[in-house]
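Below you'll find the structure, written out as C-alpha cells, and then a few comments.
The values are calculated or read from the model by the stated rules, or taken from the named source; none is laboratory data. Here the structure is a predicted model, which is why all the values come from computation and not from measurement. All Cβ positions, even for glycine, are placed from backbone atoms using ideal geometry, and neighbour counts span all protein chains on display.
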Amino acid sequence: MNVPLSARCSIVKGVEKLRVWYNGKERIVDTKIRPYFYSYRDLDIECFKKEKVKAKALSDHQEKTFWKYSFNTRAELRAVSGKPELKEDIFENELSEYGDSFIIRNRLDRPNVFELFPHKNELILLFVDIEQETDKGIKFPTGENNLSSIAWCTNDRDVKCILKKKESESDKLLLENFIDEYAKINPDVVVCYNKTYDIPMIIRRCIRNNIDTSPLTKNQEGRANIGKKEMAFLDGIVIYDVYDSARQDQALDGNVENRGLKEVSNFFGFEEKRKPLTYEEISEKIGTKELAEYNMDDVKRLFYLFDIYWPGIEYNANDLKIPLSIAVAMNITKLGMICIGEEYKKQNIIADGTNEQRYDKIFRRKKKAGEPNYQGALVGIDRNGYFEPVYKADYGSMYPTIMSSFNLSPDTTKLLEYVPYGKFKIEEEEMWFVYHIPDDVLKMNLIIQVSKRPGFFALLVKKFLLERMSFKNSYKKTGLERYKSASDNRKVKANGGVYGNQGAAHHPFGFAPIAIATCGFGREAAQMLIDVLNGLYPNSVIETDTDGIYFTTKNFNEEDVMDAFKKKLKQVFKKDISLDIDIDKYDSGYFYKAKNYVLKKGDKIIKHGVAMKAQSKNILSRNLIEELAKAKVNNQPITKISDNYMKLDFPLEHFAMNVTMGMPYGSYKNKEGNLVTRLARDAERIQRIEPAVGNRYYYVKEKHDYVLLEEASIERLDITYYREQVKRILKMFDVSLIATKLDDWLK
DNA sequence: GCTATCAGGCTACCT
DNA sequence: ACAGGTAGCCTGATAGCG
C-alpha cells in the first residue's frame, strides 16, 4: 500500500499529534497543523494561535478575510466550538472535533501526508470467529460464559480450530493456545463479523482468566481495550468488520432475511455444505468435531465475504490517500469531506457555514417531522396491471451527468432569488444561463444562475465519470474484479459522495443550489423521456422512478426512440448535453403501485418494492405473493390458490412477522405504544436480550396483543388478523373472485 | 360503546 | 452523520352513529 495501516490522534505534551502505524512499527508524527476553525469575527477566545487568512467564501465566491483559530488539542477546540453562542459564527470546525475528521483535515491540508508512511509489507490478515457456551434457556452468551471454540486462518486460508475439550473445563487453555498462535501470526488486520462481539469477548475472557492481552497488540506493553459501544481496540492493528460492509451494501436490501454471516454469504453464492447449528446445538456439542467444523465453516464464510468487499476498501485507502483504518470505516459523509474538501482546498475556498446556515429559506422553514428540504425526483405510476411486453428506458448516471453537463459548481452556480411557483424555464445570456426551477416542496421557483465559465466541480464529476467508463470497459474486457471495484468506486464518488452531500443540511461542504438544480433538471429529463415515449407510442408509459421509465408497446423500434430522444433533448435543454439512455426488455410485468411491481425475464421473476418483497412480513405472506406474482407475470388466470391460505393451515413459524430496531431505544418517541420497543422490552425481560440497534424481533398477532414468537401459541393466534392479511394480498393482485369467495368462507 | 378515518411514527423499500 | 420518494403497518385521537 502507499498509505499507512492506521493513524490516530494522540496528545503528546499537550499537543495533538498523529500515531501512525506502518511496516510493523509506530511513529509519532508532528501534524504540522493543529485543530482549527474559521470565523468572520474577531472572537475573544483562548486559543493557541489566531491569524488572518484570505480565501474565497463558499457562499458567494468572493475573496474575503477570515480569522483562523488554532488549538493545541481537539478537546480545547471543542470547549469553544460547543458554545451555543458561537455555533453560528464558526466554520469548518467539524473537521477538527473528532479523531477521524481531524485525520481527514490533515489529509486535506497536506494531501500527501499519509504517503510519507506507506505500509509496504504484505498485509498479514487474521480471520477469526469464536463459539461460546450459553446458560440454559438463554440465547446469547455473556462475559461470564466460557468460550468453547476459536477458529481462525491467515493469508493462506488454511483454517484451524482450537476446541475446549469438556464441558466442565474452563476456557483458559483454549485462550492461551490461541494467543500463542495469534502472536506467531502477528497480524496487521483482524477480520471478524460483528466487531462488538468476537474480539471484545476474547479480551474479556482473557481478563477473567488472568491472561495477558498485550500479545493481541503490536506493542510490548500494548493495550487491548474495550471502548465505548463495545468496540475493541488493539494497538497497531486494524480491525475490519465485514458486517459493516454488509450492513451498508444496498444490493442486499430486500434480498436477505437478515445481515447475518450465513444469510449474506449464502446470498453471494457460498456453497453450503452443512446445515448450520442451532443455538441449542452450539451449547450441546462442546468438544465435538461438529462444533469445530461449524466454527471453521464460519471462518470460510468470513473470508468468502472478505474477498467481495475488501478490494474496494484497499482501493479507497490508496486512491484517497488515507490510512487503511479510515478506509475500513468509510461512509458517504467522510467520502464527501475528502472528495469535495480536496477541491475546495485547491480553489482556496472556505466553507463559510453549512447549507442550513446559508440557506435559511430552504433549511430553516418550519417543517413537519420527516418533511424534505427540497423537491427530489419524479416518481409516479400512470397505468396499473399486467403488460406484455415491458421495456425500461434508463438514463445512465443521471445526476452526475447533469452536474457535469450543466456546469454545476460552487464557483459557477448562484441562487439568485425565490419567486412564486411556476414553470421550468431556461434563459440564455451572454455570460450565463438562468434556470427557473420549480420546487413543490418549497412551493417556489428558484432562480439559479450558472456561469458559462467552466466550473471546477463539474470538471471533477466529469473526471469521475470518464474514469468510471474506462474501468467499466476494462472490467468488461478482462473480467478482473479490481476493475469492477474501481468502476463502482467512481460511481459512488460521483453519486453519493458528490450529489448527496451537496444537498445535506449539516455537511460542512454542502452547496444546496447544486443539489436543487440537479434534481430539477432530473425531473425535466424524466418528463421529457415520458413525452417522447408517449409521443411515439400513445399511452405507453407505465411507471416512472427518477431516471428510469417502464413502458409497453408492440411496435418498439429502438432507432425511432433514439432519434426522437436526441431531438427533444436539444430542444428542451437548449444545449448539447451528454445524457444517454439505455433500453432493456422484459417479457412481461405486473405493476401494482409506484416502486412496486413484478417483472418477468426468461424464467426469472424479479420483484420490486416493499409490497412485493415483504421481507418483514411472514412466510405465509411471502409464499402467497410468490404464487400470485408468478401466475400474474405468466398471464395465467388465478383460478385457485392453495386451500391452506383459506384455512390458514400452517405451522406457527409461518405466521411470524419481524421488525428491526432502527434507532437506540431511547430515541423512540412513544416507547409505550411503539411495537418494536414493546417487543424489545419483552425480549429483555424473557430472553435477557438487551435492546440494541439492529436487533430483529420475530412476533405474531395473538387475540389481544402482539407477542414474541418464542412466547406464542398457535391456539391463541388472531385468525381474523391473518385472514385480513391474506385478503390484502389477494387484493394486491386483483384477485377479486377469490376475495369474494374468501368473504363467503369467512361468514 | 362501537366503527371509520386520519395523522404521526416508524420500517422497508427504490433511484 | 447522504438525498428525496412511495408504501405498509401500527397507534392513538377524534368524529359519527346508534
* Within the stretch A:234-252, can one find any residue that is in a loop (DSSP other than H, G, I, E, B) and of a type outside the set (Asp, Glu)? -> yes
* Structure fact -> Of the residues in the stretch A:630-661, those that are of a type outside the set (Ser, Thr, Tyr), at pLDDT 90 or above and out of contact with any helix residue (DSSP H, G or I) (no Cβ under 7 Å at 6 or more places or on another chain) come to A:Lys630, A:Ala631, A:Lys632, A:Val633, A:Asn634, A:Asn635, A:Pro651, A:Met657, A:Asn658
* Asked: Which number in (1) out of contact with any Gly (no Cβ under 9 Å at 6 or more places or on another chain); (2) under 30 Å from A:Val29 (Cα atoms) marks the one condition that A:His119 misses?
  -> (1)
* Structure fact -> By my count, strands (runs of 3 or more DSSP E) wholly in the stretch A:506-614 with at least 1 residues that are touching a residue at least 40 places away in the same chain (Cβ under 8 Å) and touching a Ser or Thr at 6+ places or on another chain (Cβ under 9 Å) are A:541-545, A:548-551, A:588-593, A:596-601
* Exactly one of (1) more than 24 Å from A:Glu63 (Cα to Cα); (2) not in a helix (DSSP H, G or I) is unmet by A:Gly312. Its number? -> (2)
* If a residue has to be more than 16 Å from DNA strand C (Cβ to nearest atom) and either on the phi > 0 side of the Ramachandran plot or modelled with pLDDT of 95 or more (or both) to count, how many in the stretch A:606-628 make the cut? -> 0
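Residues of the stretch A:35-50 being farther than 18 Å from A:Ile11 by Cα, part of a loop (DSSP other than H, G, I, E, B) and touching a residue at least 12 places away in the same chain (Cβ under 8 Å), which ones? Before the answer, list the steps.
Of the residues in the stretch A:35-50, the ones farther than 18 Å from A:Ile11 by Cα are A:37-46, A:50.
Subsequent filtering for residues that are part of a loop (DSSP other than H, G, I, E, B) retains A:40-46.
Result: A:Tyr40, A:Arg41, A:Asp42, A:Leu43, A:Ile45, A:Glu46.
For the stretch A:629-654, enumerate the residues that are among the hydrophobic types (A, V, I, L, M, F, W, C), in a helix (DSSP H, G or I) and within 25 Å of A:Tyr699 (Cα to Cα).
Let us first name the residues in the stretch A:629-654 that are among the hydrophobic types (A, V, I, L, M, F, W, C), namely A:629, A:631, A:633, A:638, A:641, A:646, A:648, A:650, A:652.
Now drop any that are not in a helix (DSSP H, G or I), which leaves A:629, A:631, A:633, A:646, A:652.
Answer for the stretch A:629-654, where residues must be among the hydrophobic types (A, V, I, L, M, F, W, C), in a helix (DSSP H, G or I) and within 25 Å of A:Tyr699 (Cα to Cα): A:Met646, A:Leu652.
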* **Residues of the stretch A:342-362 satisfying the condition of being of a type outside the set (Val, Ile, Thr) and closer than 15 Å to A:Gly500 by Cβ** => A:Asn355
* Asked: Looking at A:Gln615, is it within 10 Å of DNA strand B (Cβ to nearest atom) and in contact with an Asp or Glu (Cβ under 9 Å, 6 or more places away or on another chain)?
  -> yes
* **Unmet requirement for A:Leu408, which otherwise passes all of (1) surrounded by 21 or more Cβ atoms within 10 Å (Cβ to Cβ); (2) within 15 Å of DNA strand B (Cβ to nearest atom); (3) in a loop (DSSP other than H, G, I, E, B)** => (2)
* Asked: Where residues in the stretch A:642-666 are surrounded by 10 or more Cβ atoms within 10 Å (Cβ to Cβ) and among the small types (Gly, Ala, Ser), which of them is nearest to DNA strand B (Cβ to nearest atom)?
  -> A:Gly662
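Considering only residues that are crowded, with 17+ Cβ neighbours inside 10 Å, near DNA strand B (Cβ under 10 Å from one of its atoms) and either among the acidic types (Asp, Glu) or within 19 Å of A:His704 (Cα to Cα) (or both), which ones fall in the stretch A:667-679? Show your work before the answer.
Residues of the stretch A:667-679 crowded, with 17+ Cβ neighbours inside 10 Å: A:668, A:676-679.
Now narrow it down to the ones that are near DNA strand B (Cβ under 10 Å from one of its atoms): A:668, A:676-677.
Those that are crowded, with 17+ Cβ neighbours inside 10 Å, near DNA strand B (Cβ under 10 Å from one of its atoms) and either among the acidic types (Asp, Glu) or within 19 Å of A:His704 (Cα to Cα) (or both): A:Val676, A:Thr677.
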* **Residue match in the stretch A:554-577 (condition: under 25 Å from the mean Cα position of the chain (by Cα), buried (at least 17 other Cβ atoms within 10 Å of the Cβ) and of a type in the set (A, V, I, L, M))** => no
* Answer residue from the stretch A:576-594, given it is within 16 Å of DNA strand C (Cβ to nearest atom) and out of contact with any helix residue (DSSP H, G or I) (no Cβ under 8 Å at 6 or more places or on another chain) and is farthest from A:Tyr391 (Cα to Cα) among those -> A:Ala594
* Structure fact -> With the first residue restricted to the stretch A:331-347 and required to be part of a loop (DSSP other than H, G, I, E, B), and the second required to be charged (D, E, K, R), Cβ contacts under 9 Å at 6 or more apart or on different chains are A:Gln347/A:Lys56; A:Gln347/A:Asp411
